[in-house]
Amino acid sequence: MPHRYTHGHHESVLRSHTWRTAENSAGYLLPHLRPGMTLLDVGCGPGNISIDLAGRLAPGRVLGIDTSESVVGKARAAAAEAGSHVEFVTADLYAVDLPDDSFDVVHAHQVLQHLPDPVAALREMRRLAAPGGVVAVRDADYGAMTWHPAVSALDEWMSVYQQVARGNGGEPDAGRHLLGWAQQAGFDQVTPSASVWCFGTDEDRRWWGGMWADRILQSAIAEQAIARGITDQQGLQRISDGWRDWVARPDGWFAVLHGEVLCRG
């Protein structure tokens with residue numbers, strides 16, 4: 001099955017990635033961390049979460065991996081600016097050259113939804129986790145996202161995104177599958193949970209809606225949607241305008257549901 005990172009690395013995508021922190025994106029994991037632990041951050045992107053986690057684990061080693069050379073370069077620059085000792089390397093989880101039992105924590109945020117074989121990915125994460133260690137995974141569930149007021153262009157956005165993501169071999173509704181995938185990967189103990197991002201204040205609405213209004217026109221999603229005949233430029237513009245209409249609504253509200261699992265054994 002073909003595989004491609006659905007979003008690409010346009011500025012509108014990295015704008016959302018650099019907003020993420022350990023607090024807003026890995027809260028379910030934080031109570032299980034202690035200084036001195038070692039951690040692998042799979043699909044680290046521009047490194048924000050990795051750097052945050054490293055601050056909690058110092059002096060423990062933190063390694064971030066991503067398949068994109070350019071985004072790994074941005075992560076290294078962010079670490080240097082923050083004075084962090086996180087290591088960042090370009091690597092593919094399916095073929096990562098690391099020994100068994102290497103890390104106390106193996107973490108992935110918004111990664112499994114993009115992979116053609118998430119169970120195999122979890123098995124590899126399990127291999128890399130030391131005895132007594134934990135594999136921590138969090139993924140959004142697009143089909144469970146909800147918003148108000150009803151905007152037909154946002155329904156169109158959801159349809160376009162689902163088609164593009166599935167065409168890349170991904171599972172955009174990954175959040176609801178994490179528990180089952182972890183069980184299939186052979187973990188003895190899996191603790192499931194869920195949490196949300198909520199965008200309802202004027203500031204949050206401008207940020208979230210503005211980001212998507214740009215992303216649907218300028219990111220790799222737009223290129224793929226047009227190339228595959230899912231929509232056309234006029235359709236993408238209609239979706240972008242719909243996002244901006246939603247931003248302008250004082251009662252605009254959007255919730256992103258995430259599934260989470262902490263896996264051991």
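If you go through the stretch 1-34 and keep only what is hydrophobic (A, V, I, L, M, F, W, C), within 14 Å of the chain's Cα centre (by Cα) and closer than 18 Å to His114 by Cα, you end up with Val13, Leu14. Taking the listed residues Leu128, Leu112, the one that is within 18 Å of Thr38 (Cβ to Cβ), of a type outside the set (D, E, K, R) and touching an Asp or Glu at 6+ places or on another chain (Cβ under 8 Å) is Leu128, with no other qualifying.
Is it fair to say Arg264 is within 29 Å of Pro118 (Cα to Cα), modelled with pLDDT of 95 or more and touching a strand residue (DSSP E or B) at 6+ places or on another chain (Cβ under 6 Å)? For Arg264, the condition - within 29 Å of Pro118 (Cα to Cα), modelled with pLDDT of 95 or more and touching a strand residue (DSSP E or B) at 6+ places or on another chain (Cβ under 6 Å) - is met.
Residue-level check: of (1) open to solvent by 10 Å² or more (accessible area, probe 1.4 Å); (2) in contact with a helix residue (DSSP H, G or I) (Cβ under 8 Å, 6 or more places away or on another chain); (3) farther than 18 Å from Asn168 by Cα, Gln234 misses just (2). As a summary of the residue check, Val134 satisfies the conditions (1) closer than 23 Å to Arg15 by Cα; (2) touching a helix residue (DSSP H, G or I) at 6+ places or on another chain (Cβ under 8 Å); (3) β-branched (Val, Ile, Thr) except for the one numbered (1).
The values are calculated or read from the model by the stated rules, or taken from the named source; none is laboratory data. This structure is a prediction, so every number in the text was calculated from the model and none was measured. All Cβ positions, glycine included, derive from the backbone under ideal geometry; neighbour counts span all protein chains shown. Accessible surface is based on the protein model in full, side chains and every heavy atom, while ligands, DNA and RNA are left aside. Shrake-Rupley method; radii C 1.70, N 1.55, O 1.52, S 1.80 Å.
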